[in-house]
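To start, the structure itself, in structure tokens.
The values are calculated or read from the model by the stated rules, or taken from the named source; none is laboratory data. Values in this document were obtained by computation on a predicted structure and should not be read as measured data. Note: ideal-geometry Cβ built from the backbone for every residue, glycine included; neighbour counts use all protein chains shown.
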Amino acid sequence: GRNSFEFFNDQLSEGMHENLMLESALRMAVERNELVLHYQPLVSFNDFTVVGVEALIRWQHPIQGLIPPYKFIPLAEETGIIGDIGLWVLREACRQMVEWDKAGLNVARASVNISVQQIETGLLPKQVESVLKETGLAAERLYLELTESTIMQDPQQASLAMTEFQKMGVKLAVDDFGTGYSSMAYLKRLPLDRLKIDRSFIKDIGADTNDEVICKAIVQLAKSLGLETVAEGVEEESQAEFLKGLGCDVAQGYLYSKPVPALELTASWKKK
Ligand code: C2E
Ligand code: CA
Ligand code: CA
Ligand code: CA
């Protein structure tokens, strides 16, 4: 009826209004330096030393506090703001690495997440090149993380960009491995260095044998292709033991550390 139509219409425009507000707030957030990176350590399953960090974005909102990425990254991607945000993340992560170097803290590698829109523009390889030059970070110390869906959404552009990154010496990881619509073909065709096993396969280790079998298969597949494996979202000792037993190389998860501000990591490393 007419009433319910009106109702639906109001809801719709309200949602659109909210998005517009969020969009302009997000644009201002970039200019006002309200975006921050937190860093989560990656540890070796060999000796449990830190082998790198993943940079994860948050929005430090003056009123709402710390806003997690799932609340604004999708809109940033839809509106194209992700181009500016992504470049900022790259620059900030590389700058932070050099700052850690200067403080005598050797963080071997930093990982940065890349959205599909950054691949589609074709601008990313040049941007990465100039950020590395500008900050002085060695290319081998930067990992770019692309999800399977990013790779499959535009396989040609992704392949082009990835070849450029390989030439520069920048490392490449497939993020959330096993959750996208996987194509085994790209695994042998693309210059990959690392597979990150999605947390959804890790969280029920010990309870779901299907997940255990999948983890085992992913680790074996990666090994035969000469790729390093990272287990995402390791929360329990028993999961770590199982994954180490499979020959998984690197762990990331709350068991070791949540993502924390750079200063917090710096302080805890200096104490050690
Ligand atoms: P992701 O790349 O898969 O990042 C891993 C997520 O898992 C992070 O969530 C991290 O905090 C969380 N995590 C790590 N260990 C554990 C654990 O043991 N248990 C649980 N429950 N969670 C764990 P976060 O920081 O909220 O980021 C969510 C997603 O937002 C990321 O998923 C990534 O897709 C996206 N994102 C974050 N930063 C950026 C960025 O700079 N650029 C882009 N394009 N996307 C980003
Ligand atoms: Ca990631
Ligand atoms: Ca991931
Ligand atoms: Ca994930």
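Below, the figures for the structure above:
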| read-out | value |
| --- | --- |
| All positions within segment 242-260 that are out of contact with any Lys or Arg (no Cβ under 9 Å at 6 or more places or on another chain) and surrounded by fewer than 18 Cβ atoms within 10 Å (Cβ to Cβ) | 244, 245, 254, 255, 256, 258, 260 |
| Flag for residue 211 being surrounded by 15 or more Cβ atoms within 10 Å (Cβ to Cβ), acidic (Asp, Glu) and either part of a loop (DSSP other than H, G, I, E, B) or within 15 Å of ligand 3 (Cβ to nearest atom) (or both) | no |
| Residue 148 vs. criteria among the acidic types (Asp, Glu) and buried (at least 21 other Cβ atoms within 10 Å of the Cβ) | yes |
| Members of segment 71-107 that are within 15 Å of residue 138 (Cβ to Cβ), basic (Lys, Arg) and surrounded by 14 or more Cβ atoms within 10 Å (Cβ to Cβ) | 95 |
| Matching residues, segment 182-208, being part of a loop (DSSP other than H, G, I, E, B) and touching a Phe, Trp or Tyr at 6+ places or on another chain (Cβ under 8 Å) | 191, 193, 198, 205, 206 |
| Qualifying residues in segment 125-144 (those that are outside any helix (DSSP H, G or I) and either within 16 Å of ligand 3 (Cβ to nearest atom) or free of Cβ contacts under 8 Å to residues at least 40 places away in the same chain (or both)) - the one surrounded by the most Cβ atoms within 10 Å (Cβ to Cβ) | 143 |
| Odd one out for residue 48 among (1) on the phi < 0 side of the Ramachandran plot; (2) surrounded by fewer than 15 Cβ atoms within 10 Å (Cβ to Cβ); (3) of a type in the set (A, V, I, L, M, F, W, C); (4) not in a strand (DSSP E or B) | (1) |
| Output for segment 159-191, where each listed residue is modelled with pLDDT of 95 or more, within 15 Å of ligand 1 (Cβ to nearest atom) and under 16 Å from the mean Cα position of the chain (by Cα) | 172, 173, 174, 175 |
| Residue that is farthest from ligand 2 (Cβ to nearest atom), among those in segment 214-272 that are among the β-branched types (Val, Ile, Thr) and under 21 Å from the mean Cα position of the chain (by Cα) | 266 |
| Of all residues making up segment 110-124, the number that are surrounded by 18 or more Cβ atoms within 10 Å (Cβ to Cβ) and either over 17 Å from the mean Cα position of the chain (by Cα) or more than 16 Å from ligand 4 (Cβ to nearest atom) (or both) | 5 |
| So residue 170, is it within 16 Å of ligand 2 (Cβ to nearest atom), under 21 Å from residue 221 (Cα atoms) and buried (at least 22 other Cβ atoms within 10 Å of the Cβ) | no |
| Within segment 135-148, considering residues that are under 15 Å from residue 162 (Cβ atoms) and not aliphatic (A, V, I, L, M), the one nearest to ligand 2 (Cβ to nearest atom) | 145 |
| Residue count, segment 167-202 (criterion: farther than 18 Å from residue 42 by Cβ and charged (D, E, K, R)) | 3 |
| Selection from segment 221-241 of residues that are crowded, with 18+ Cβ neighbours inside 10 Å and polar (S, T, N, Q) | 229, 239 |
